[in-house]
Amino acid sequence: MKKLLLISGPCSAETQEQVFRTAEGLKNIGADCFRAGLWKPRTRPGHFEGVGDEGIAWMKRVKEELGMRICTEVAFREHVELCREAGFDMVWIGARTTANPFLVQELADALKGSGMSVLVKNPVNPDVNLWVGAVERLRNAGVEDISVVHRGFSSYEKYKYRNAPGWQIVSEFRTKCPDIPVLCDPSHLSGSAELVPEVCQRAVDLGYDGLMIESHCNPSEALSDAGQQLTPEAVGLLLHNLIRERRAIDDVDSGKVISNLRNEIDAVDADILKDLGRRMEISRRIGDYKKSNNIPVIQSGRWGEVIRAASAEAKNYGLHEDFVKSIFSIIHDASIEEQN
Ligand code: PEP
Ligand code: MN
């Protein structure tokens, strides 16, 4: 069983005492690396934007007195320079920054030869190539120790988690960059302390290489992301409860059961595609009729009816209403596109 890397610490460094108390707790549970945001990218202005340069000395103290590795977020060349001078072991590129190739290039140039490890969070938008591109820019600049962090993707539709997980995007990433270790950040992905453990378990089941978990000595008082932080003790308990060795899928028995179920799924998927094809064909016929009779493509009332009927029907099949609404909105958009 490979060792799971644990990076943990508060969303933001707030005070010297908060940083040190949290780090001590995390050292006790065996965390490998201490994280804390100094320069915080907030979606809207007017919120706590980090203590900035002042927190560097607090982080250095964690490294010197507790012997932990230290890590923070960098967005500009100046951040990288300050971190390098202070002896940071690792930095991360945040999700909003990964989405911006200009900034990633600036960081890659600054990180060259710095000796610091670099974590690249997935971009906020679900675009695997932006993520791969950021890794390539770092690699091309000669940065050697690169890992990525899966923290979920922004989406307009809100479902269970703060960010849409997009597990399949990570698997595409792994296919494109098989030698890059992948960590999961269940805190930003789920957005809620109660949901962090289940996301960690999923990441472990998928063979991720590590976890970056937000932890605060007093979560409810945190100045940023209060709802998603765990105490160091709760992180310790979570790790203890993780099931590290699920039975390998190539066990003879589980292999058989799973492959039978997968066959069933494949058959259902084939039916779904056939039905979608039929639906689209009908939609095309409607489109032709509308065109030849000068009727506009969109009738807003009709879309409301489709959604109402689908949501009601969803309940009969034990399907989540939001899930069905999202699927039907994609189908509807494709249909409109076809009729245009
Ligand atoms: C963070 O880790 O504190 C952070 C801001 O993350 P992200 O870039 O994933 O939102
Ligand atoms: Mn945070």
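Laboratory data are not the source of any read-out in this text; all were calculated from the coordinates shown. As the structure is a prediction and not an experimental result, all values here were calculated from the model. No Cβ is skipped: glycine too gets one built from the backbone with ideal geometry, and neighbour counts run over all protein chains shown.
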If every Lys and Arg gets +1 and every Asp and Glu gets -1 at its Cβ, then about the Cα centre segment 148-233 yields a dipole, in debye to the nearest 20, of 320 debye
List the residues of segment 94-126 whose backbone N lies under 13 Å from a point placed 7 Å from the Cα of E136 along the Cα-to-Cβ direction. 101
Extending each Cα 7 Å along its Cβ direction at E17 and D253, get the distance between those two points in nm, one decimal. 5.6 nm
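So for the chain, averaging the separation of alpha carbon pairs under 8 Å that are six or more residues apart and normalising by length, what relative contact order in percent results? Let's see the in-between values first.
Details: 529 pairs, mean separation 47.1, N = 340.
This gives 14 percent for the chain.
Using r as the Cβ-Cβ distance of E198 and S300, and R0 as 45 Å, what FRET efficiency do you calculate, to the nearest 0.05?
On the way: r = 39 Å, r/R0 = 0.86.
That pair, E198 with S300, gives E of 0.70.
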Along the positive direction of the dipole of the chain (beta-carbon charges: Lys, Arg +1; Asp, Glu -1; about the Cα centre), which of A134, C71, S335 reaches farthest? S335
Let me spell out the model: positive unit charges on the Cβ of Lys and Arg, negative unit charges on the Cβ of Asp and Glu, origin at the Cα centre of the chain. What dipole size does that give, in debye rounded to 20? 660 debye
Computed over segment 287-340, the relative contact order (Cα-Cα under 8 Å, seq sep at least six) in percent reads 44 percent
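How large is the dipole of segment 193-340 about the Cα centre if only Lys and Arg carry +1 and Asp and Glu carry -1, each at its Cβ, rounded to the nearest 20 debye?
About 880 debye.
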Towards the positive end of the charge dipole of the chain, with charges on Cβ (+1 Lys, Arg; -1 Asp, Glu), say which of Q228, S259, A31 has the farthest Cα. S259
Cβ crowding within 10 Å averaged over residues, with 113-121, 7-15, 152-160 ranked highest first: 7-15, 113-121, 152-160
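Calculate the FRET efficiency for E245 and D266 from the Cβ-Cβ distance with a Förster distance of 30 Å, rounded to the nearest 0.05. Walk me through the intermediate numbers first.
Values: r = 28 Å, r/R0 = 0.93.
About 0.60, to the nearest 0.05.
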Between the modelled labels at E172 and I282 (7 Å from Cα along Cα→Cβ) the distance in nm is 3.0 nm
Straight-line reach from K176: which lysines fall under 25 Å, measuring Cα to Cα and dropping same-chain residues less than 8 apart? K2, K3, K112, K121
Residues Y208, Y317 in order from fewest to most other beta-carbon atoms within 10 Å are Y317, Y208
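Got a sec? How would I29, I298 order by Cβ neighbour count within 10 Å, fewest to most? Write out the running numbers ahead of the final one.
Details: I29 18, I298 12.
In order of increasing Cβ crowding within 10 Å: I298, I29.
Estimate the FRET efficiency between R61 and Y156 by the formula 1/(1 + (r/R0)^6), using the beta-carbon distance for r and 51 Å for R0, to the nearest 0.05.
Details: r = 42 Å, r/R0 = 0.83.
With a Förster radius of 51 Å, E is 0.75.
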Evaluate the distance, in nm, between pseudo-label points positioned 7 Å from the Cα of F102 and of D145 along their respective Cα→Cβ axes. 3.2 nm
The exposure ranking of E245, E281, fewest beta-carbon neighbours within 10 Å first, is E245, E281
Diffusion coefficient, µm² s⁻¹, Stokes-Einstein with Kirkwood Rh over alpha-carbon pairs of the chain at 4 °C and 1.567 mPa s: 58 µm²/s
Suppose the Debye formula is applied to equal point scatterers at every Cα of segment 104-253; what is log10 I(q)/I(0) at q = 0.12, 0.14, 0.17 Å⁻¹? -0.57, -0.76, -1.05
Per-residue HN-Hα couplings for segment 91-98, Karplus 6.51 cos²θ - 1.76 cosθ + 1.60 at θ = phi - 60°, whole Hz, x for Gly and Pro? 9, 10, 9, x, 4, 6, 6, 4
Taking a ≥ b ≥ c as the square roots of the eigenvalues of the Cα gyration tensor, with a/c under 1.5 meaning rounded and otherwise prolate when a/b exceeds b/c and oblate if not, segment 203-325 is oblate
